[in-house]
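Engineer: Handing you this structure, nothing more for now.
Computed from the coordinates by the stated procedures, all read-outs in this text should not be read as laboratory data. This structure is a prediction, so every number in the text was calculated from the model and none was measured. Here the Cβ positions follow ideal geometry from the backbone for every residue, glycine too, while neighbour counts run over all protein chains shown.
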Amino acid sequence: MAYSDKVIEHYNHPRNVGSLPKEDPNVGTGLVGAPECGDVMKLQMKINPDTRVIEEAKFKTFGCGSAIASSSLATEWVKGKTVEEALAIKNTDIVRELSLPPVKIHCSVLAEDAIKAAIGDWKKKRGDEAEAK
Amino acid sequence: MAIKTPIYMDYHATTPVDPRVLEAMLPYFNERFGNSASRNHAFGWTAEEAVENARAQIARLINATPKEIIFTSGATESNNLALKGAAEMYREKGNHIITQVTEHKAVLDTCKRLEKYGYEVTYLPVGKDGRVNPEDVRKAITPKTIIISIMYANNEIGVVQPIAEIGKIAKEKGVLLHSDGVQAIGKIPVDVQADNIDMLSMTAHKIYGPKGVGALYVRRRNPRVQLSSILDGGGHERGMRSGTLNVPGIVGFGKACEICMNEMPAESARMLALRNRLQKGLEAKLDEIYINGTMEHHLPNNLNMSFAFVEGESLLMGINDIAVSSGSACTSATLEPSYVLKALGVGEDLAHTSIRFGLGRFNTEEEVDYVVNRMYEVVSRLRELSPLYEMAKEGIDVSKMQWNVTSAEH
């Protein structure tokens, strides 16, 4: 399968690889996917509690090149955005940016899920159960 | 010596034509272009002589007689002809077929088609080692059983089946034994007499011959096997396979068999040394890597390994100057990992991390060392990227975790 140049670029130079301290009250962690399915994404964000701006984002991904690229791109996009702005990112935006073929759309869905899961975790930590839904 | 990339290490998929094979084939494209079925002029006789010479070369490799070799377009056709041809021919005797789960799709899907036509098929399981238990074969045989189809060696994991033991049982019970011998012939000794094989599928392009030509060995004595043809026409190949013979291809196939026959002892020792070098090299540099299938009964040129915590397709993307195959099927429409590895009881998580190395005639020690180093670099880099590796290092048993089923689940 031929990969788009952008997927290859993210695969060769993934942005924001790493981990943030899970216990930090300002850090939200999203872990989505399953090893049996061949994709697991861990996305973490450090969020300023006052401005609700995502100051830092890190990821680690087990998965194909498109999954790695989708999560790398997600960290790039959420950085500097508010929680609300980050939640507005749709998987279709990722598909378009990376020119993902139909069989790889699930990678973008997983990245969107990871963003939502990380923000959900952060909200839960703040004790804001209602907001965490 | 400088390494030339890309390196080809996917010899189970196909092989380049050996220069000696190509040389033998070339005259049969133009100067000796005759139709081997033309009985009344020299052009036909020349072609026929070449075909008969090739038939003898192929027969020698598997200890058969030339008349028992039926030419086809390749192993897929050979498997179809063996199963469909025998199923139809022996329909009155019974309708039961025994096969096993790690067969090639050309056998499994042919069996599925036969099920639609009223045949009953038993798909035997394999053990963790990838082998069928011959006693399971014995127990599965009923008075209605007409064919047992068990491959000689597996194309993904290189595991060699206990064919001689199964052959003995088949013979004793009077059931025909078909074997898909594609990966085995030319690599390890295959003897249709000693193994009691009644039909053996073969193809040229896995043994340094051309693509598009194969053969089916069909036993003529003890018992005399008869097959209904699946292609109707001029009644070539003793009526079992109509169609003008692919003379240059057949000449190449014959030559390829002759070379394998002469060079097998030296070549298989060299393959084994390269394979061991690859395996030891990888094991010395990387932890958490696992061999799939038993190494005790194994093709000398195969290594199938899982590189835990690193998804196979991303690994292939990283080693893009090396041609190997992955058991992860992220590229396929189904997204299912290898059914062969699943049949062995390899967890789906590890199945997604598997790589098949297929060594061959033109690989060198330098290439093996290069592959070991590249694998080490890429696996290390991807493990740094892998949340599963991080969890494992923290002491979390990834296989026991509860994974959230998300909307991306498939």
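Engineer: Looking at the square roots a ≥ b ≥ c of the eigenvalues of the Cα gyration tensor of chain B, which shape do they give, rounded for a/c under 1.5, prolate if a/b is larger than b/c, or oblate?
Structural biologist: Numbers: a/c = 2.19, a/b = 1.41, b/c = 1.55.
Oblate, because a/c is 1.5 or more while a/b does not exceed b/c.
Engineer: Something else about it: Tell me which aspartates and glutamates have Cα within less than 14 Å of B:Lys139's Cα, excluding those fewer than 8 residues away on the same chain?
Structural biologist: By straight Cα distance, B:Lys139 reaches B:Glu165, B:Glu172.
Engineer: What size of dipole, in debye to the nearest 20, comes out for the protein assembly as shown about its Cα centre when the only charges are +1 on Lys and Arg C-beta atoms and -1 on Asp and Glu C-beta atoms? Intermediate results must be reported in sequence, preceding the final value.
Structural biologist: Numbers: 64 positive and 70 negative charges, 291 e Å.
Dipole about the Cα centre, nearest 20: 1400 debye.
Engineer: Calculate the dipole size of the range B:26-134 relative to its Cα centre from +1 charges on Lys and Arg beta carbons and -1 charges on Asp and Glu beta carbons; express the result in debye to the nearest 20. Write out the running numbers ahead of the final one.
Structural biologist: On the way: 14 positive and 13 negative charges, 40 e Å.
The dipole magnitude comes to about 200 debye.
Engineer: Separate question: Measure nothing but the geometry: give the 0 to 90° angle between the long axis through the Cα atoms of B:247-285 and the longest principal axis through the Cα atoms of chain B, rounded to 10°.
Structural biologist: Helix B:247-285 and the main axis of chain B meet at about 20 degrees.
Engineer: So what's the back-of-envelope 222 nm ellipticity for the protein assembly as shown, counting only DSSP H runs of four-plus at -39500 (n - 2.57) apiece and dividing by all residues, rounded to 500? Write out the running numbers ahead of the final one.
Structural biologist: Values: 18 runs with 215 residues, N = 543.
Theoretical 222 nm ellipticity from helices: -12500 deg cm²/dmol.
Engineer: Now for a different question. What pairs from B:Lys67/B:Lys112; A:Lys22/A:Lys125; A:Lys79/B:Lys393; A:Lys6/A:Lys46; A:Lys22/B:Lys393 go past 20 Å between their alpha carbons?
Structural biologist: Among B:Lys67/B:Lys112; A:Lys22/A:Lys125; A:Lys79/B:Lys393; A:Lys6/A:Lys46; A:Lys22/B:Lys393, the Cα-Cα distance tops 20 Å for B:Lys67/B:Lys112; A:Lys79/B:Lys393; A:Lys6/A:Lys46.
Engineer: Taking beta carbons within 10 Å but only from partner chains, what does the mean come to for residues A:37-49?
Structural biologist: Working: counts 13, 16, 8, 10, 3, 5, 1, 0, 0, 0, 0, 0, 0.
Across A:37-49, the average partner-chain Cβ count within 10 Å equals 4.
Engineer: Still on this structure, please answer the following. Between the range B:128-157 and the range B:34-50, what is the C-alpha centre distance in whole Å?
Structural biologist: 41 Å
Engineer: Now, a different point. What does the charge count around B:Leu344 come to, taking other residues whose C-beta lies under 11 Å from its C-beta (Lys +1, Arg +1, Asp -1, Glu -1)?
Structural biologist: Details: positive: B:Lys128, B:Arg131, B:Lys342; negative: B:Asp129, B:Glu156.
So the environment of B:Leu344 carries a net charge of +1.
Engineer: Hey, another quick one. Work out how much length B:Ser228 to B:Ala164 would gain on full extension: take 0.36 nm times their residue separation and subtract the Cα-Cα distance, in nm to one decimal.
Structural biologist: 20.4 nm
Engineer: A follow-up question, please. Which links in B:Lys206/B:Lys255; B:Lys116/B:Lys171; B:Lys93/B:Lys173 stretch past 18 Å when you go from one Cα to the other? Walk me through the numbers before you get to the answer.
Structural biologist: Working: B:Lys206/B:Lys255 13 Å; B:Lys116/B:Lys171 28 Å; B:Lys93/B:Lys173 13 Å.
Listed pairs above 18 Å: B:Lys116/B:Lys171.
Engineer: Report, by chain and number, residues whose modeled amide H sits under 5 Å from the one on A:Thr82, excluding near sequence neighbours (fewer than 5 apart, same chain).
Structural biologist: A:Ile54
Engineer: Projecting each Cα onto the charge dipole of the range B:19-260 (Lys/Arg +1, Asp/Glu -1 at the beta carbon, about the Cα centre), which of B:Thr99, B:Ala87, B:Ala256 comes out farthest on the positive side?
Structural biologist: B:Ala87
Engineer: What distance in nm separates the simple spin-label points at A:Glu84 and A:Asp24, each placed 7 Å from Cα in the Cβ direction?
Structural biologist: 2.5 nm
Engineer: Choose one of B:Gly360, B:Gly174, A:Ile89: the residue whose Cα lies farthest towards the positive end of the charge dipole of the protein assembly as shown (beta-carbon charges +1 Lys, Arg; -1 Asp, Glu; about the Cα centre).
Structural biologist: B:Gly174
Engineer: Oh, and also: Neighbouring Cβ atoms within 10 Å as the yardstick, rank A:Lys124, A:Lys81, A:Lys60 fewest first.
Structural biologist: Numbers: A:Lys124 14, A:Lys81 18, A:Lys60 26.
Fewest-to-most ranking of A:Lys124, A:Lys81, A:Lys60: A:Lys124, A:Lys81, A:Lys60.
Engineer: Ok, one more. Exceeding 18 Å between C-alpha atoms, which entries from my cross-link table qualify? They are A:Lys124/B:Lys400; A:Lys81/A:Lys123; A:Lys60/A:Lys81; B:Lys187/B:Lys280. Intermediate results must be reported in sequence, preceding the final value.
Structural biologist: Working: A:Lys124/B:Lys400 24 Å; A:Lys81/A:Lys123 16 Å; A:Lys60/A:Lys81 20 Å; B:Lys187/B:Lys280 22 Å.
Where the Cα-Cα span goes over 18 Å, the pairs concerned are A:Lys124/B:Lys400; A:Lys60/A:Lys81; B:Lys187/B:Lys280.
Engineer: Okay, moving on. Test of the criteria: in the range B:1-90, which trypsin sites (Lys or Arg not before Pro) are in a DSSP loop and have at most 12 other Cβ atoms within 10 angstrom of their Cβ? Display every interim value, and only then the final one.
Structural biologist: Details: sites: B:Lys4, B:Arg20, B:Arg32, B:Arg39, B:Arg55, B:Arg60, B:Lys67, B:Lys84; in loops: B:Lys4, B:Arg32, B:Arg39.
Hits after loop and neighbour filter: B:Lys4, B:Arg39.
Engineer: On to the next question. Taking each residue of A:5-16 in turn, how many C-beta atoms of other protein chains fall within 10 Å of its C-beta, and what is the average? Don't jump to the answer; show the numbers that get you there.
Structural biologist: On the way: counts 0, 0, 1, 2, 0, 0, 5, 3, 0, 4, 0, 0.
Per residue, the number of nearby Cβ atoms from other chains is 1 on average.
Engineer: Rounded, prolate or oblate: which fits chain A when a ≥ b ≥ c are the square roots of the eigenvalues of the alpha-carbon gyration tensor, with rounded for a/c under 1.5 and prolate only if a/b beats b/c? Provide the component values of the computation, followed by the final result.
Structural biologist: On the way: a/c = 1.89, a/b = 1.80, b/c = 1.05.
Prolate is the answer for chain A, as a/c is 1.5 or above and a/b outweighs b/c.
Engineer: When N counts the residues of the protein assembly as shown, how does its alpha-carbon radius of gyration compare numerically with 2.2 N^0.38 Å, as a ratio?
Structural biologist: 1.14
Engineer: Shifting gears a bit: With r as the distance between the Cβ atoms of A:Glu76 and B:Tyr123 and R0 = 51 Å, compute the FRET efficiency 1/(1 + (r/R0)^6) and round to 0.05. Each step should come with its number before you reach the end.
Structural biologist: Details: r = 48 Å, r/R0 = 0.95.
Efficiency, rounded to the nearest 0.05: 0.60.
Engineer: Given R₀ = 45 Å, what would the calculated FRET efficiency be for B:Trp403 paired with B:Ala269, taking r from the Cβ atoms and rounding to 0.05?
Structural biologist: Numbers: r = 46 Å, r/R0 = 1.02.
Working from the Cβ atoms, E equals 0.45.
Engineer: Provide B:His12, A:His10, B:His236, B:His41 in ascending order of the number of other Cβ atoms located within 10 Å of each residue's Cβ, fewest first.
Structural biologist: Working: B:His12 27, A:His10 23, B:His236 18, B:His41 10.
Ordered by Cβ neighbours within 10 Å, fewest first: B:His41, B:His236, A:His10, B:His12.
Engineer: Same structure again: Roughly how big is the range B:19-260's charge dipole about its Cα centre, with Cβ charges of +1 (Lys, Arg) and -1 (Asp, Glu), in debye to the nearest 20? Intermediate results must be reported in sequence, preceding the final value.
Structural biologist: Working: 31 positive and 26 negative charges, 64 e Å.
In total the dipole reaches around 300 debye.
Engineer: Please compute the contact order of chain B in relative form: average sequence separation of alpha-carbon pairs under 8 Å and at least six residues apart, divided by the residue count, as a percent. It would help to have the intermediate numbers written out before the result.
Structural biologist: Values: 799 pairs, mean separation 85.3, N = 410.
Across chain B, relative contact order equals 21 percent.
Engineer: Taking beta carbons within 10 Å but only from partner chains, what does the mean come to for residues A:68-75?
Structural biologist: Working: counts 6, 1, 0, 2, 1, 0, 0, 0.
Rounded to a whole number, the mean comes out at 1.
Engineer: What order do you get for B:Trp45, A:Trp77 when you list them from fewest to most C-beta neighbours inside 10 Å?
Structural biologist: B:Trp45, A:Trp77
Engineer: What distance in nm separates the simple spin-label points at B:Ile291 and B:Phe43, each placed 7 Å from Cα in the Cβ direction?
Structural biologist: For the pair B:Ile291/B:Phe43, the computed spacing is 5.5 nm.
Engineer: I've got another one for you. For the range B:256-350, what does the alpha-carbon gyration tensor say about shape, rounded, prolate or oblate, given a ≥ b ≥ c as the root eigenvalues, a/c under 1.5 as rounded, and a/b over b/c as prolate?
Structural biologist: prolate
Engineer: Can you compute the FRET efficiency between B:Lys144 and B:Lys112 using 1/(1 + (r/R0)^6), with r the Cβ-Cβ distance and R0 = 25 Å? Round to the nearest 0.05. Walk me through the numbers on the way to the answer.
Structural biologist: On the way: r = 18 Å, r/R0 = 0.74.
Efficiency computed from Cβ-Cβ geometry: 0.85.
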